[in-house]
1. Can you tell me how many residues within the stretch 302-344 are in a helix (DSSP H, G or I) and in contact with a helix residue (DSSP H, G or I) (Cβ under 9 Å, 6 or more places away or on another chain)?
2. Which numbered condition in (1) more than 22 Å from Pro144 (Cα to Cα); (2) touching a His at 6+ places or on another chain (Cβ under 7 Å) is the only one that Thr114 fails?
3. What are the pairs, 6+ residues apart or on separate chains, where a residue within the stretch 276-293 that is in contact (Cβ under 8 Å) with a residue 40 or more places away in the chain and part of a helix (DSSP H, G or I) has its Cβ under 6 Å from a residue that is of a type in the set (A, V, I, L, M, F, W, C) and more than 15 Å from the ligand (Cβ to nearest atom)?
4. Take the conditions assigned by TED's automatic domain parsing to the domain that holds Leu324 and surrounded by 12 or more Cβ atoms within 10 Å (Cβ to Cβ) and apply them to Arg448. Does it pass?
5. Consider Ser249 carefully, then state whether it is hydroxyl-bearing (Ser, Thr, Tyr), assigned to a loop (DSSP other than H, G, I, E, B) and over 25 Å from the mean Cα position of the chain (by Cα).
6. Looking at the structure I just gave you, is Met86 within 16 Å of the ligand (Cβ to nearest atom) and either touching an Asp or Glu at 6+ places or on another chain (Cβ under 7 Å) or among the β-branched types (Val, Ile, Thr) (or both)?
7. Picking from Phe128, Phe186, which residue would you name as being of a type in the set (Phe, Trp, Tyr) and within 22 Å of Ala345 (Cα to Cα)?
8. What number of residues within the stretch 138-161 satisfy the criterion of being closer than 26 Å to Asp87 by Cβ and either modelled with pLDDT under 95 or within 13 Å of the ligand (Cβ to nearest atom) (or both)?
Amino acid sequence: MTLDTSGADIGVYGLGTMGSALALNLADNGFNVAVTNREADWIDDFLKEAGDLGERVTGHVALADFVNSIKTPRTILFMIPSGKPMDMMIETIKPLLGEGDTIIDGGNADFNETRRRSAALDGTGLHFVGMGVSGGEAGARNGPSIMVGGTKHSWAQLKPMAEAISAKFEGEPCVDHLGPDGAGHFVKTVHNGIEYADMQMISEIYGVLRDQGGQEPATIGKVFERWSQGPLSSYLIEITGAALKSVDSKTGKPMVDVILDKAGQKGTGRWTLVEALKLGQSANTVEASVGARGWSSEKDMRVAAEGLLEKGALDTALPSEDDLENAMMAARILSHAQGFRILSAASDEFDWSLDLARISEIWRAGCIIRSSLLDEFAAAFRAELPFEHLILAPAIRVRLAETISGLRRVVAASVLSGQPVPALSAALAWHDTMALGRGTANMIQSQRDFFGAHGFIRVDEEGKHHGDWNAV
Ligand code: 6PG
């Protein structure tokens, strides 16, 4: 391995929104950055945008020049669309790289692909890192939360830079090496699943206040603004308040009222679900949230159905602001608990030894789901966790006990008044299922054995049994 101490500390390939922001963040933190982009004219635009920071940035049109301008062993960050483009770039750049060089995929990639790419580079002397970056453009520029997978060798190279550019929570960098191969991308995927659930639950509460309460956006905005100062303090509650108070300059109407109620999605929420199911888990809050985005896209059908379907709704009082706040808190705890459950199942399955306390810690600042609750989760994970379930941690049980009746009243009022709250009710259903020592799966087992002789376990004897299905 040749060591070259001159040249750039890191190369950034891909100068889209996130790539540019990360490159500027690196330069701002004193690192020399080489940049390149598939469309060469973006390089000049970027260098202009860099202004004074341009002193620490070199742009290269030819891939070989870009590679040669980076210190060895090289650290090269790719910020390009996930999937095929990443595979193509690995093949293209591989012959130009040497022993010990690291290729980083900083996009939202499917962790299965990250595992495959890592395995394919095993034994070549090259290293592959799947790195989740959260915080959007502003986060990438000023301090994102960063979830790193891959080898210890790559982490040693990347660590000083990643720590410098990451968000800080009370001075502590919100980045860590979470495990080998796909661990970083998996954690980012689950982060996004939790993000989907939090966004959906907030939207449902907005819906209750708008439809059941007949309140204007600015009034609802004030509620979220108040909540952002309390135990629900978080980035998503804060931006919800600000979004609700924003006004469209074209029409003078509230911004949210001129936006069509069809939600987009790029796929990370769906991946969370798929992986959860493969691991024998059911993250029903995430499922409800991904599903709700799907239903939202059936706009024409919903508009027609509104006049066709009889709701049979009953008059109910609007839940109190306290109940709504508690409902959000309880449901937020439950959806995070489901996310962490998926992480611990994946950790066992892939032998990652994920540190759930550390993950909570690096989510406390910079990322989209940052909230004051994550600090409480970190403390709960650091203490003893019965059955590895966050909802059984003593401090979290207290929080749930204080808020669960609020969730129950909000879900009940919504159900009675015909207001859809799929994620809030999913959270409550999961809570109540987990809180019921004797469930109803004995009936599922009876039916399976009745029609298919699938067998069951008896409560009073070992082994597999069949039932005496002798009644007609
Ligand atoms: C983040 C975000 C970011 C992005 C996702 C979600 O952590 O910074 O999660 O990665 O917003 O791609 O996008 P969709 O809602 O389109 O799936």
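1. 25
2. The one condition Thr114 does not meet is (1).
3. Ala276/Ala283; Ala276/Ile342; Asn284/Ala426; Asn284/Trp430; Thr285/Ala426; Thr285/Ala427; Ala288/Ala426
4. no
5. Considered against the rule, which asks whether it is hydroxyl-bearing (Ser, Thr, Tyr), assigned to a loop (DSSP other than H, G, I, E, B) and over 25 Å from the mean Cα position of the chain (by Cα), Ser249 comes out as yes.
6. It is true that Met86 is within 16 Å of the ligand (Cβ to nearest atom) and either touching an Asp or Glu at 6+ places or on another chain (Cβ under 7 Å) or among the β-branched types (Val, Ile, Thr) (or both).
7. When all the criteria are applied, what remains is Phe186.
8. Of the residues in the stretch 138-161, 4 are closer than 26 Å to Asp87 by Cβ and either modelled with pLDDT under 95 or within 13 Å of the ligand (Cβ to nearest atom) (or both).
The values are calculated or read from the model by the stated rules, or taken from the named source; none is laboratory data. Model, not experiment: these values are computed from the prediction. Please note: Cβ atoms are built from the backbone with ideal geometry, for glycine as well, and neighbour counts cover all protein chains shown.
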